[in-house]
Amino acid sequence: MNLFATAQLPPGVVLQRGVARDPAIIAALETVIAAAPLRTMITPRGPMSVRMTNCGSLGWVSDASGYRYAPADPATKLPWPPIPDALATLARRCAEDAGFPEFYPDACLINQYTPGAQMGLHQDRDERDFAQPIVSVSLGLPARFTIGGETRKHATFDIELEHGDVVVFGGPARRMYHGVKRIAPGHHPLLGARRLNVTFRRAG
Ligand code: MD6
Ligand code: FE
């Protein structure tokens, strides 16, 4: 772990650099994407630039009426694929190392960014229990991840997330606004011109 970087982060944000570099993680994600393909989700404010899918008993979905967790893929009406063991184990270990033992995610959101894609400043607040952390894995192209405070007006700062980095958002960080700046063009040896972000949540 990078203690210098970690020391500057707000309380509840734990950065674990390079802990998710095992290629088995990408292989597991590809099985999920094969069963539940990435798709553009619509929000009440328009289409997202990021393509998304899910695994787990609940998945994050959005349409023109708003967003929510749902047990089935709206595209097929089938349950989302299960969270592969390699991914659930990674998430549980990272949460434990950040001070959150017994993290058993039931929702795993996979976001695919290509150059130019971004994610606006948001809070994740549709999960039932904010005492449970969110574990976020970054793969492929690097990203500037913006962290603010509990209101939109709060000052923000950016951290650079690279392939294999994990961020655990827990405790006071759980309600902080955050987002991802436009991904710059580039090529990653394993993922090409894309970034995958995988967030593990206890939603239900
Ligand atoms: C991303 N991440 O890194 C978007 N949310 O592409 C998130 O929105 C996020 O990294 C909650 C907790 C950690 C995160
Ligand atoms: Fe988020």
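Residue ranges 197-203, 142-148 sort as 197-203, 142-148 when ordered by packing (mean number of other C-beta atoms within 10 Å per residue, highest first).
Give, rounded to the nearest 20 debye, the magnitude of the charge dipole that the stretch 91-204 has about its Cα centre when Lys and Arg contribute +1 at Cβ and Asp and Glu contribute -1 at Cβ. Provide the component values of the computation, followed by the final result.
Working: 15 positive and 13 negative charges, 78 e Å.
Computed about the Cα centre, the dipole is about 380 debye.
When only the Cβ of Lys, Arg, Asp and Glu is charged (+1, +1, -1, -1), the dipole of the stretch 31-94 relative to its Cα centre reaches about 140 debye. In terms of Cα atoms, the Rg and Dmax of the stretch 109-165 work out to 12.8, 34 Å. Note on the stretch 1-145: dipole from Cβ charges, positive end direction compared against T53, A117, T31; the farthest Cα belongs to A117.
For Q123 and I42, compute 0.36 nm times the residue count separating them, minus their Cα-Cα distance, and round to one decimal in nm. It would help to have the intermediate numbers written out before the result.
Values: separation 81, 0.36 × 81 = 29.16 nm, distance 1.76 nm.
Roughly 27.4 nm would be gained on extension.
Compactness ratio for the stretch 80-204: Cα radius of gyration over 2.2 N^0.38 Å (N = residue count) comes to 1.04.
Over all pairs of different C-alpha atoms in the stretch 164-203, the reciprocal of the mean inverse distance, the Kirkwood hydrodynamic radius, equals 12.8 Å.
Based on DSSP H segments of at least four residues, each scored -39500 (n - 2.57), the chain has a per-residue ellipticity at 222 nm of -4500 deg cm²/dmol. Local charge sum around R21 (other residues, Cβ-Cβ under 13 Å, Lys/Arg +1, Asp/Glu -1)? Once all neighbours under 13 Å are counted, the net charge is -2. What the pair-distance distribution of the stretch 21-65 shows, using all Cα-Cα distances binned every 10 Å from zero, is 25, 44, 25, 6 percent.
Calculate the FRET efficiency for T89 and A193 from the Cβ-Cβ distance with a Förster distance of 25 Å, rounded to the nearest 0.05.
Details: r = 29 Å, r/R0 = 1.16.
After rounding, the FRET efficiency stands at 0.30.
Kirkwood analysis of the stretch 12-156, using all unique Cα-Cα pairs, places the hydrodynamic radius at 16.4 Å.
Amide H contacts for S49 (H built 1.01 Å from N in the peptide plane; partners 5 or more residues away or on another chain; cut-off under 5 Å): Q118. Only the Cβ atoms of Lys and Arg (+1) and of Asp and Glu (-1) were treated as charged; on that basis the dipole of the chain about its Cα centre amounts to roughly 600 debye.
Fully extending the segment from T151 to E96, taken as 0.36 nm per residue of separation minus the present Cα-Cα distance, adds 17.0 nm.
Where a number appears in this text, it was derived from the coordinates with a stated rule and is not lab data. Nothing here was measured: the structure is a model prediction, and the numbers come from that model. Backbone-built Cβ (ideal geometry, glycine too); neighbour counts: all protein chains shown.
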